[in-house]
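J.: I'd like to ask you about the structure that follows.
The values are calculated or read from the model by the stated rules, or taken from the named source; none is laboratory data. All figures in this text were calculated on a predicted structure; none of them were measured in a lab. Because the Cβ atoms are built from the backbone with ideal geometry, glycine has one as well, and the counts that use them run over all protein chains shown. The area values use the complete protein model at the heavy-atom level, side chains included, leaving out ligands, DNA and RNA. Shrake-Rupley method; radii C 1.70, N 1.55, O 1.52, S 1.80 Å.
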Amino acid sequence: MVFVVVLVVAIVVIALVMRAAANPGGGGPRTPRPPRRPRPQRPTRPLAPDDDPEFLRELERRARRDDGSPA
């Protein structure tokens, strides 16, 4: 029975030591975390080339040039 009590006390002590080691403040009152920076948003691009206005302009420009009209 004494072994079980010693084991429980040892587990509690180990848990407290690990918790104190994880806290950079050393176990004092918790300091608020600095606010997270928002993730930079990726530029949204059309998924298909036929939805891309720049691609469509280039196709139209090429088609006009192929027709023999001045570019």
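J.: Fully extended, how many nm does the chain gain between Ala48 and Met1 (0.36 nm per residue separation, minus their Cα-Cα distance)?
T.: Length gained, Ala48 through Met1: 9.8 nm.
J.: When ranked by the protection proxy of mean other Cβ atoms within 10 Å per residue, highest first, what sequence do the peptides 2-9, 36-43, 14-21 form?
T.: Averaged packing, sorted descending, gives the order 14-21, 2-9, 36-43.
J.: First measure r as the distance between the Cβ atoms of Arg61 and Arg37, then evaluate 1/(1 + (r/R0)^6) with R0 = 35 Å and state the FRET efficiency to the nearest 0.05.
T.: That gives a FRET efficiency of 0.25.
J.: If you don't mind, another one. Could you put Asp52, Asp66 in order of accessible surface area, largest first, with the 1.4 Å probe and the full protein assembly present?
T.: Ranked list, largest accessible area first: Asp66, Asp52.
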